[in-house]
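Read the structure below first, then the notes.
No value in this document is a laboratory result; all are computed from the given coordinates. All values derive from a computational prediction rather than experimental measurement. Cβ atoms come from the backbone with ideal geometry, glycine included; neighbour counts cover every protein chain shown.
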Amino acid sequence: MVRTKKLWRIPKVPKESKRAAKESEPQIVLDEEPPTKQLKTEHEEDSKLAGEIEETETAMESDARAAMEEEPPEEQLESVKEEDGKRKNKRKKKDAAGKLEQRTEVQDKVDVEVALEFELPTATEEEQPSKQLNSRQEEGGKEKVKKKKRGPVVEPELRAESGEEPPAKQVKLGLEEDGKNSEGISSSPGEPRTEQEEEGRISIKALPSDLSGVVSSVPRLKTSLCSYFRKGNCRHGDQCRYAHGEAELKPRPDGTWDPTSDTAKSLARDAETTNEVKLVAPVTTAEEADFDSVETAIKKCLQPVHRRWTNQELKKFLTESNVEFVTCKKRKGETTAFVGFQDEDQVANAKKILDEKTFSGHKIVVKDVLPRAWEKKASDEMDTGEGVEGVTTRVKTVCDAVTPLGHLSYEEQLSRKRGDIEQVLKRLSRNTRKGLGAGILMPDWLLTARDNGGLPCPFEGVLASPLVDGYRNKCEFTIGCAVDGTRTVGFQLGSFREGIIAVAEPTDCRNVSSIAQSFAAIFQKFIQASELPVWNKTNNRGFWRLLIVREGRGESSGVSSPIMEVMLVVQVCPTGVDSEVVSLEYKKMAAHVSQAAAAANPPLPLTSLIVQVHTGVSNVAPANAPLHALPIPGAKKSKDSPVNYIHDHIGKLKFRISPTAFFQVNTLAAERLYSLAGDWAELTSDTLLFDVCCGTGTIGLTLAHRVGMVVGIEMNESAVADATKNAELNNITNCRFVASKAEDVMESLLKEYTTAEDGEGEEEGDEKNSESGTNDKKNDRQRFKNVVAIVDPPRVGLHPTVLKALRLHTELRRLVYISCNPQSLLANAVELCTPLNPENSTEKGKGPGAHWKNMGGVGLARNRLKKMPPSTPFNPKKAMAVDLFPHTSHCEMVMLFER
Ligand SMILES: C[S@@+](CC[C@H](N)C(=O)[O-])C[C@H]1O[C@@H](n2cnc3c(N)ncnc32)[C@H](O)[C@@H]1O
């Protein structure tokens, strides 16, 4: 359901446009300024650590980056446009583009020089906006400014104590936006802010050349206690930037107090005594538990530390280095460690010691840790007066978790999604441009992207969902305990990684249908009375795990089509429970649910009741987890009862759906999606349509009447069985469904239908994969003029082998890509669309080596392109989205590629 990203994110330097997108992401920010080079390395490391290399950056980030970094400055664009206009042939265009790239590089170099002069950490991509602002605004006066700002680098902490002014960059970062602290250097609640952050109240545009004057005239908020004053040796007296005692101390802009202060401690105590709502479950490891539960600990992170260190090794290192700390946590494979300190003194001591330590030539830097998304949200609520002042409640509602956009009007939701998709599309242009090898001509679509605000193709907007509320035909309810310990059937309030296992009823979730809500309530009543325990994620014990409610509409008559069939799948773990007890419990369950459904007003349809046995730890049951269909008391007996599937309708077609088969959760919006994909695929009776990842055959079958033949590929065998049955149910005879992973058969199927003569081309893939279909005469393959693929892969996107097959089979001229995950679409599109060096003739390109684990999708895609044999790339032609998931941030994207 809702998948959260990594818990920790890495320093991103301020950019107003990033802030909104970042709101929901915890961050780690720079406490001190390491040298530029170090920062660059850190940034790379950081991005990797956070699992968010460029292709996973938020839309807002990329927007700003598009504007400030990757697209050349306006005037350059203009001049290139003019030059381009004069050039008569592609060769010349390429030269111009080459120049443009060079000029941008030169510009960047100059900017980095400025940054170096300022002792700035500008090597990171994120800092480019201010960098460019500098270079553009200050081109003329650069030398003058340089001279003024040169000087020895002084650590912020030392500066604070010595009363020295901060270097210009710090001032700039802090003052980037009017009245707002820049995200990149802001501190978390519980962390002292740097002086510059507190002062950050004026716009950089307003900065006169003598920055120090301005800075000193801005009133300071003393939100951190002075540790020197506490020890009785602060020599700054009234001029000190830190609070001398509680009386001088002010709350931070986020409403929290310096955690070492009495105020913070007493607030924390109050929160405990007033029985503060704790949604936090016991967390996975002792270290995590320590880290999160030590109330007074100041949380910091260290970077970089050895990737292979275990927590024990980190502990050993800190102890041997005489670093005092309360708790520490490090995951193997990451270069960031989290350390909890008792007070500021311990932090200062650690900084001093670690400052002298280097790791692979880098200093180990102590950085702040920003709150995680929901902690931040709680503190934002406090800021807006909606929360209890001074108390970090960590409260998250079920709507925050499940329908985060539900508070917006539907129009606003669509417009937000439109904006996000535009950013993804722009990143396709940028990433493709970046991936162009030396001497490769820029394709026309990339050249025109520059005139279209960076869009690689026209974006035709987001189609609204016909049904906005209660649209889901499938809901997966967790069975667990609510905050107060009551057994509950609903949604988990956060992820297990966040330490949250509390479950809340789905009553406020706008995407859940009333039927699903009713069944959740019915089932909740049953398990509350059951003697068998509910599943406990902390010790992986319990019986009742999950309730899945699937609904099927009667013949489609738009939004008013009634729900005719309902399937309940109850996931259990019967380990250690006597089988007789289990069967008795199943009987009781069937009786309770069927009686309650019949007694409801109006009565609830219930046509299939299935138990899925899953004994593993992970939430997701394997495809072969045993399923048992239970008889439903009082249900009409038919030849195939108990029934283990339901039916839904798309248009006039009827679809059988097995318990584990995929079916789009918003049937009415899916209808629009498939028809759009069909229109864009330009289907004719002479078309062979590959429906890649076909599920129950929805796309192929709904378009079968418009093509000569459909070949569907799907790895879930029961979905393939459904697809074959669905062809039969709807009297469709021109479809063949292959039960296999697409990566195992894509190439052989393409060969079979495009290049091989009749009877040839039946390769190993065919033998080992079962197939079924209505037009299955292998020796009589029909040839088609037009070969088209519609791919609708899972969230991870297409397998590289499938991408390669699609790219290399140039008979395939049109490809419609449907995606529920813009990030994987982006990575796949880069692989399909990047022009290759004609000398890419060997397949022995350099692999990503040991770094592959840390590369994002686009990075890996680019790496694979080095090995891709020369082939005509696809060109993005148009894009559109269909909103299948109102009230959430997701939607389905459709993109047409041609060549
Ligand atoms: C997003 S669903 C789309 C299903 C179908 N097109 C529809 O709209 O109902 C993705 C489907 O891909 C299937 N799938 C996942 N990995 C696959 C693979 N490697 N090869 C073939 N099918 C795969 C899943 O089982 C699932 O049915």
Quick check on packing: order 578-587, 451-460, 420-429, 308-317 by the mean number of other C-beta atoms within 10 Å, highest mean leading. 420-429, 451-460, 308-317, 578-587
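To the nearest 0.05, what FRET efficiency results for ARG813 and SER561 with a Förster distance of 25 Å applied to their C-beta separation? Don't skip to the answer; put the middle values down first.
Details: r = 37 Å, r/R0 = 1.49.
Once rounded, the FRET efficiency stands at 0.10.
Can you list, largest first and rounded to whole Å, the semi-axes you get for the stretch 629-675 by taking the square root of 5 times each eigenvalue of its Cα gyration tensor? Intermediate values should be presented prior to the final figure.
Details: eigenvalues 145, 25, 14 Å².
Equivalent-ellipsoid dimensions as semi-axes: 27, 11, 8 Å.
With a 10 Å Cβ neighbour count serving as the proxy for reagent exposure, in which order, fewest first, do LYS636, LYS725 appear? Provide the component values of the computation, followed by the final result.
Numbers: LYS636 7, LYS725 18.
By the 10 Å Cβ count, ascending, the order reads LYS636, LYS725.
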The base-10 log of I(q)/I(0) that the Debye equation returns for the stretch 474-647 at q = 0.14, 0.16 Å⁻¹, one scatterer per C-alpha, is -0.74, -0.98
For the ranges 665-673, 410-418, what's the packing order if you count other beta-carbon atoms within 10 Å of each residue, average per peptide, and put the highest first? 665-673, 410-418
Placed amide H near ILE610: partners under 5 Å, 5+ positions off or other chain: LEU568, VAL569, VAL570, LEU630
Cross-link pairs beyond the 30 Å C-alpha cut-off, checked among LYS357/LYS537; LYS299/LYS357; LYS330/LYS866; LYS426/LYS474; LYS357/LYS426; LYS265/LYS525: LYS357/LYS537; LYS330/LYS866; LYS426/LYS474; LYS357/LYS426; LYS265/LYS525
Rounded if a/c is under 1.5, else prolate if a/b is larger than b/c, else oblate: which is the stretch 414-490, with a ≥ b ≥ c the root eigenvalues of its Cα gyration tensor? prolate
Mind sorting ASP238, ASP744, ASP722 by how few other Cβ atoms lie within 10 Å of their own Cβ, fewest first? ASP238, ASP744, ASP722
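Per the Kirkwood formula on distinct C-alpha pairs, the Rh of the stretch 523-615 is how many angstrom?
Details: mean 1/r = 0.0685 Å⁻¹.
It works out to 14.6 Å.
If R0 is 30 Å, what FRET efficiency do you get for THR754 and LYS878 from their C-beta distance, rounded to 0.05?
Values: r = 25 Å, r/R0 = 0.83.
Efficiency, rounded to the nearest 0.05: 0.75.
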Residue exposure sequence - VAL617, VAL549 - by fewest surrounding Cβ within 10 Å: VAL617, VAL549
Tally Lys/Arg at +1 and Asp/Glu at -1 over every other residue whose Cβ is under 9 Å from the Cβ of ARG864; what's the total? +3
Could you rank the peptides 489-495, 507-513 by their average count of other C-beta atoms within 10 Å per residue, with the highest value first? 489-495, 507-513
Quick query: amide H of LEU225 versus all other amide H atoms, modeled in the peptide plane; which residues come in under 5 Å with a sequence gap of 5 or more or a different chain? ALA243
